[in-house]
Amino acid sequence: MKASDSVKNYPSRLREYANYSLRSIKRVCKDIGPRFPGSDGEKKAHDYFFKELEGCCDTVVKEEFAVHPRAFLGWVPLCCYMAVIGCVLFYFGLAAVTLALAAVALLLIVLEFVFYRQPLDPFYPKKTSANVIGVKNPSGEIKRKFIISGHCDSSGEWTYTYLGGPVLLKIVLFAGVGGLVLLLAAVVAAFVNGYALGFTLEGPQSPFVNVVRYVLLGYIPVFLAASRFSNPKKPVLGANDDLTGCFAAVSAAKFLTDCGLALENTQLNVLITGSEEAGLRGAKDFAKRHAGEYKEVPTMFLGIDTLRDYDDMAVYTRDMSGTVKNGEQACALLREGAANAGLNLPCKTITLGSSDAAAITQAGLQAAALAAMDPAPARYYHTRLDNETNLDLKTIEAGINVCLETMFLFDEKGFG
Ligand SMILES: [Zn+2]
């Protein structure tokens, strides 16, 4: 059965849950405010969602985990300062030390950002975050499980996206990474010219090395500017990213409960993750604890992250800066669910960054991500503009529709 056939007046029901989401997002923004991973704000959001889920699920649990929230983007200032020191050392001829610094910086970027590993965690303060999980059982035997998820934490403000939108963001990013590559090239060139342990200021130098010495000095302000890329002391409200996803997920359970419905053979799990913005830590913790039990029956994870830009709504089949391929069956089912909701959604890649679905995919479950955000990225992305005055009812409603249709479709036929 399609979701649209499950109740009379489905369109007005949908509108009801879009309005519920809108109202609730405004309330969370006003009463709780920013929700940086591991902060008091995030804790209050956990309690808020716990109560919401108690009203529409059979059981609700909160699972706490340790997180080092400042570590995730901690590589940005760290690598920038290492680059600054490298520039200075290179100027004074210490090419070998510069090479070591640049290599460590690049390794940190690849591990922390491309692969979402956690080498810096031990160096930053430990906090407690949590996931909240509401479970609603089907009327019959449990043959499948459907996890629908959003993250309730919010990011520190991305300085340059706010100041100059995606263009300035890209300029700073490319200038920063480009500078690091230039630094490495300079060191390699120095070595090629025979300065195995560094060149001397007095000795003969290649013209390239001589020029680059000064170019790198001139680059120092760029590295210093890039170090201010994200501001953890100024967390944003995250009205769209990702309260829209959280309330779409809660809406799925509310819809069933309010309408007196139950799925036939699918257990619905509403998962509100914490610390997504600290490197998918909530999804990783959930996967570590539960992947085994969810693998006992066919399980689909649907991660929703930002429902704001209607024309950009898409199924994200590739995740984690393109390095992770989300579940083929889950993505296909999500596209079919969207078709039942009257939408022909394209497949897209998260080219810079990641969603919770990637962590679930990595744990071996079938996961898909749904998002509706200008991938440029949008001007509001991780800035103070992502607030309760910048919501789009039509997109929220369409997102809820896609979630409901996908859930009903999965209950009807699983991945088959
Ligand atoms: Zn998000």
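The values are calculated or read from the model by the stated rules, or taken from the named source; none is laboratory data. Since this is a predicted model, take the numbers as computed values, not measurements. In this analysis, Cβ positions are derived from the backbone assuming ideal geometry, glycine residues included, and neighbour counts consider all displayed protein chains. Just so you know, the surface numbers come from the protein's heavy atoms only, side chains and all, with ligands and any DNA or RNA stripped out. Shrake-Rupley method; radii C 1.70, N 1.55, O 1.52, S 1.80 Å.
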Screening V60, V104, V88 for residues that are aliphatic (A, V, I, L, M) and closer than 30 Å to Q267 by Cα leaves only V60
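Table: residues versus (1) among the polar types (S, T, N, Q); (2) under 24 Å from Y10 (Cβ atoms); (3) part of a helix (DSSP H, G or I); (4) at pLDDT below 95.
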position: A185; (1), (2), (3), (4): no, no, yes, yes
position: G194; (1), (2), (3), (4): no, no, no, yes
position: G203; (1), (2), (3), (4): no, no, no, yes
position: V211; (1), (2), (3), (4): no, no, yes, yes
position: Y219; (1), (2), (3), (4): no, no, yes, yes
position: F247; (1), (2), (3), (4): no, yes, yes, no
position: T257; (1), (2), (3), (4): yes, yes, yes, no
position: L261; (1), (2), (3), (4): no, yes, no, no
By residue number, the members of region 302-320 that are among the hydroxyl-bearing types (S, T, Y) and surrounded by fewer than 22 Cβ atoms within 10 Å (Cβ to Cβ) are Y310
The helices (runs of 4 or more DSSP H) lying entirely within region 1-112 that contain at least 1 residues which are in the same structural domain as V212 (by TED's automatic domain parsing) are 75-91, 95-109
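Just need a number here: residues in region 110-124 that are of a type outside the set (A, V, I, L, M, F, W, C) and at pLDDT 85 or above.
Here is the first cut: in region 110-124, the ones of a type outside the set (A, V, I, L, M, F, W, C) are 112, 116-119, 121-122, 124.
With at pLDDT 85 or above added as a condition, the list becomes 119, 121-122, 124.
So the count comes out to 4.
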Of the residues in region 294-309, those that are more than 30 Å from N390 (Cα to Cα) and either touching a strand residue (DSSP E or B) at 6+ places or on another chain (Cβ under 8 Å) or not in a loop (DSSP other than H, G, I, E, B) (or both) come to Y294, V297, P298, T299, M300
Boolean, D356 is touching a Ser or Thr at 6+ places or on another chain (Cβ under 6 Å), under 21 Å from S6 (Cβ atoms) and either in contact (Cβ under 8 Å) with a residue 40 or more places away in the chain or not basic (K, R) (or both) = no
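If you check A253, A226, which single one turns out to be closer than 14 Å to C87 by Cβ, more than 16 Å from the ligand (Cβ to nearest atom), open to solvent by less than 40 Å² (accessible area, probe 1.4 Å) and within 25 Å of the chain's Cα centre (by Cα)?
A226
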The number of residues in region 268-293 that are surrounded by 23 or more Cβ atoms within 10 Å (Cβ to Cβ), more than 16 Å from the ligand (Cβ to nearest atom) and in a helix (DSSP H, G or I) is 0
Given (1) surrounded by 24 or more Cβ atoms within 10 Å (Cβ to Cβ); (2) under 28 Å from K30 (Cα atoms); (3) polar (S, T, N, Q), T299 misses just (2)
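So that you can scan it fast, the table gives a plain yes or no per residue for (1) part of a loop (DSSP other than H, G, I, E, B); (2) modelled with pLDDT of 95 or more; (3) more than 16 Å from the ligand (Cβ to nearest atom):
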position	(1), (2), (3)
D311	no, yes, yes
T317	no, yes, yes
S321	yes, no, no
A339	no, yes, yes
L345	yes, yes, yes
L352	yes, no, no
Expected single match for closer than 30 Å to G176 by Cα and either among the polar types (S, T, N, Q) or over 26 Å from the mean Cα position of the chain (by Cα) (or both) among R281, R213 is R213
